[in-house]
Amino acid sequence: MKPLHYSPFPLLSCAALCLTAMPSIAETAVDWPSFAQQLQFKQGVVSNVRESGKHTGVIQLTNTGSQTLPAGQSDWSLYIHNIRFIDKVFNDSVVIKHIQGDLFQLTPTASFAGLAPGEQLTVEYQGGNWVASESDFMPRAFLVGPNGSAITIANSDSENYNDFVIPFTTQAQLKRYPEDKFTQADLEWRYQRNQGAYAQTNTASPRLIPSPKSVSINPGETQLNADWHLEYDAKLTDSADLLLSELAQHQIQLSNASTAANRPLKLSIDSNLAESESYRLTITQDAIQIRGADNAGVYYGVQSLLRLIPLDAKHSATLPNLVIEDAPLYSWRGMHYDIGRNFHGKHAIAQLIEQMGRYKLNRLHLHLSDDEGWRLAIPGLPELTEVGGKRCFDLSEQACLLPQLGNGPHANAAGNGYLSKADFIELLTLAKRHHIQVIPELDTPGHARAAIKAMEARYQRLKAQNQLQAAQEFLLSESGDTSEYLSVQNYTDNAINVCLESSYRFMDKIITEVQKMYQQADAPLDWFHFGGDETPKGAWEGSPSCQALIQDKSNSVNQVADLKAYFSARVSQIAKAKGLNLAGWEDGLMYDQTQPFAREQFATDKVLAHAWDNIWEWGVADRAYRLANADYQVVLSSVTHLYLDHPYEVSPQERGYYWGARFIDTQKTFGFNPLDLYANADYTRAGDAITDLVKLVGRELPGLQKPQNLLGIQGQLWSETVRTREQMQAMVFPRLAAIAERAWHQADWQGKNLVQQQHADWASFAQRMGHYELPRLIQAGIHPRLPLPGAKVVDKQLLLNSPFPGLTLEYSVDGEHWQNYSASSRLSADGDYWLRTRVADKVSRAARYQSQ
């Protein structure tokens, strides 16, 4: 076989289609499963800078087997997942057709020359925007032969991008466009950014994240062991059980009864503590007391006590004598988790809930549906999960949704699945024990393709049974709708028809059933989140029902542009009837860039907006304040600092999309200032420093006139590139700790632009992360993302550091055998090394240092 090489793109002179060593090709039957095992699939980017707003990509197919792919137009197809819309192919031998979303079909034309053993086919194409990350390329390309069966190409059936992605090596690949000012993260860049973590801090402060409001350290220490007994009121049983369970992991068993020989560890409610969720923790040699303003306050006091216990404590724990007075900065301290795009299982959600509780976060915003999946079983509507809960190769979409996001053609692939009713109730019960409210989001009217297709499958099933009226009861689409649009994720059919009464019967049905699950779990439900974001322009323009609604002068709909507000108002009436308030993403509550919907149009007492779009040059970063001033409740969800689906650093090897910010590491999230939204304006998306925000936006920016309407902050994880639980946890942790810090603790530097104090605060946080928090997460079974080390040459020696002091630094001369690095290791700058960080049995990916 002729070798496949790519160093870089030596074959681009073949303007359209390259075939090496082309013998005559016999027309023989292809054993497709065997052929898919031997076919090598590679995909890469050629250039992001050839044409503004476009990139040039390439697909390479190498035949390493003994069979021949016949020449000419024949009945086989290659399907790929491609997040950028493919505009054109630079040859006439193949055709690439958009199916839906990221699914594209490549088929041969009459000009196709065939693919014999040892040959390589290279197809260049043009796509939208840019591709500067390995995770932009989705795995699991698959072949469909004449019999219609789909077979995954073996080497692409992988979460290791090295298996199927052509390496990024040139500036034309690494830059998003010529004006891109962000440089690739390298060892020296990391070293300089890490330096701030090594500043001297107050080492006497306890190892708590988030930081307490105040701590008074007293002389002496206290030994917590079997000589103590636990006292608590019955209503604090959950907190007591948590305390006893975690102490048992350290083999510390408290006495069951008070005796003269033991000392009290007491949990109690203290009505003198005025702030909700506040607590007072006192540790002396004679007594340990946790007093909370309410049950949640006691729970948070218990969490602080547990975090003071050394990780390696056995049978006894040495605690500092201290007094902690603590209360949260915000009432809403949240985490948004998208399980609609990719589902990672009930256990992943349970682990997230437990860690959120430890960080004193109290809102889990669960994104239960999207275009690519519906993840909660709804009694009476089985198709929502039987069809909408899995993706597989069924072009009719009667058995499943189309393959998307790299899950390939098979229903058992990673990313598929859903929560049963029992699963959801179990999670609600767990969340309640950790004082977390689960906010259910079922995204509508856009981002609703899974629901639309599931209800179409339901319609077909009942219609076949001659139950036409029942079939139409929850239909979300209209057969005569000629509307044409393309959503931001390249769907042409993902908007619920808001002019059908069946759409509102559907909304009423799902809200009713979800509310029943909360009631069965005896869990609080105050908000229903209807989504509302990114409704595609052009939806409903060709709908006969919408034209009839516009002609009906008995409502407020005068044009298609009024339909989004009409839908949200109707949903608010349904929520109000069930005693719920309405929540949505900010753009689902806006007429345009600056004008929110009239607040009085909503029936609910409160309407919550998650304000995410603070991309400064887009001119909408003041929406959070505009909405709060218009009497919406607001949760800051800013993409530039709080989106955990973005990469940790500028590198093609870092997972995540990067449309909002080029990178978001833990330090950047830690530096988010919720007290002054505009103070977070640091760089544009191109990397230009922002020095005059008003000039950049082009108008005066409103201040926050009603701060009482700003409820808090929230991190977001969207899961398009996240197919496994391990990947999900690496994106969330350790950044979730920084979100908790900003949501709970008001630092001295916030609102005052005290740069030196912020740097010192970061150093303290970073040292707690490295010495204590990351080891704790790993001990708890979490897979955090460990950072790569930084390195710098000083006096002909190679010095290493990490963003979290306390991590083990390792080096290797061969990439296989590793040694611990220390200041005395004296690595010569003339050597070549592999470098990484370690915590327990987890290691970062390795970085390469090569002497000049």
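Observations
- Distance-filtered residues of the range 179-202 - backbone nitrogen under 12 Å, label point 7 angstrom along D748 Cα→Cβ: 202
- Computed label-point distance, nm, for sites D795 and R599 using a 7 Å Cα→Cβ extension: 6.4
- Close amide H contacts of I269 (hydrogens built in the peptide plane, cut-off under 5 Å, sequence separation of 5 or more or a different chain): G292.
- With each label modelled as a point 7 angstrom along the Cα→C-beta vector, the R838-D814 pair spans 1.6 nm.
- Cα lying deepest toward the dipole's positive end in the chain, options T721, N581, I283, charges on Cβ: I283
- Set of the range 456-481 residues, backbone N closer than 12 Å to the point 7 Å along the Cα-Cβ line of Q547: 480-481
- For the range 505-596, trypsin sites (Lys or Arg not before Pro) are listed when DSSP marks them as loop and at most 15 other Cβ atoms sit within 10 Å of their Cβ; the list is K537, K553, K578.
- For the range 308-363, the equivalent ellipsoid built from the Cα gyration tensor has semi-axes of 31, 19, 5 Å, listed from largest to smallest.
- By the count of other C-beta atoms within 10 Å, a proxy for reagent exposure, Y625, Y161 are ordered fewest to most as Y161, Y625.
- Value of [θ]222 nm, deg cm²/dmol, for the chain, DSSP H segments ≥ 4, -39500 (n - 2.57) each, nearest 500: -6500 deg cm²/dmol
- Environment charge of A611, counting only residues whose C-beta is closer than 12 Å and scoring Lys/Arg +1, Asp/Glu -1: -3
- Distant-in-sequence amide contacts of M590, defined by a placed amide H-H separation under 5 Å and a gap of 5 or more residues or a different chain, comprise F597.
- Rounded to the nearest 20, the Cβ-based charge dipole of the range 332-746 about its Cα centre (Lys and Arg +1, Asp and Glu -1) stands at 1040 debye.
- Overall form of the range 78-131 per C-alpha gyration tensor (a/c, 1.5; a/b vs b/c): prolate
- Residues listed by number, the range 97-127, amide nitrogen under 18 Å from R50 label point at 7 Å toward C-beta: 97, 121-127
- Cα-centred dipole magnitude for the range 680-768, charges only on beta-carbon of K, R (+1) and D, E (-1), debye, nearest 20: 200
- Our estimate of slack between K537 and Q850, defined as 0.36 nm per intervening residue step minus the Cα-Cα distance, is 107.6 nm.
- For the pair A823 and D522 in one chain, pulling the backbone fully straight at 0.36 nm per residue adds 102.8 nm over the alpha carbon distance.
- Cβ-Cβ distance of T170 and Q192, R₀ of 30 Å, FRET efficiency by 1/(1 + (r/R0)^6): the value works out to about 0.75.
- Given charges at Cβ of Lys, Arg, Asp, Glu: the chain dipole, positive-most of G389, G415, S851: S851
- log₁₀ of I(q)/I(0) at q = 0.05, 0.08 Å⁻¹ - the chain, Debye sum with one point per alpha carbon: -0.30, -0.78
- Estimated FRET transfer efficiency (T724, A686; beta-carbon r; R0 41 Å; 0.05): 0.80
- Put in line by how crowded their Cβ is, counting other Cβ atoms within 10 Å and starting with the fewest, T282, T169, T152 read T169, T282, T152.
- Ascending count of other beta-carbon atoms within 10 Å, so fewest first, for S502, S396: S396, S502
- Prolate/oblate/rounded label for the range 270-363 (Cα gyration tensor, a/c 1.5): oblate
- FRET efficiency for D92 and E231, using Cβ-Cβ distance with R0 set to 56 Å, rounded to 0.05: 0.10
- Which of F137, P70, A116, positive extreme of dipole for the range 17-174 (C-beta unit charges): F137
- Extension gain, Q705 to N147: 0.36 nm times the residue separation minus the Cα-Cα distance gives 194.4 nm.
- Rounded to the nearest 20 debye, the dipole size of the range 754-852 about its Cα centre is 200 debye, using +1 on the Cβ of Lys and Arg and -1 on the Cβ of Asp and Glu.
Each value in this text was obtained by applying a stated rule to the coordinates, not by laboratory testing. Everything numeric here is computed off the predicted structure, so don't read it as measured data. Glycine also receives a Cβ, built like all others from the backbone with ideal geometry; neighbour counts cover every protein chain displayed.
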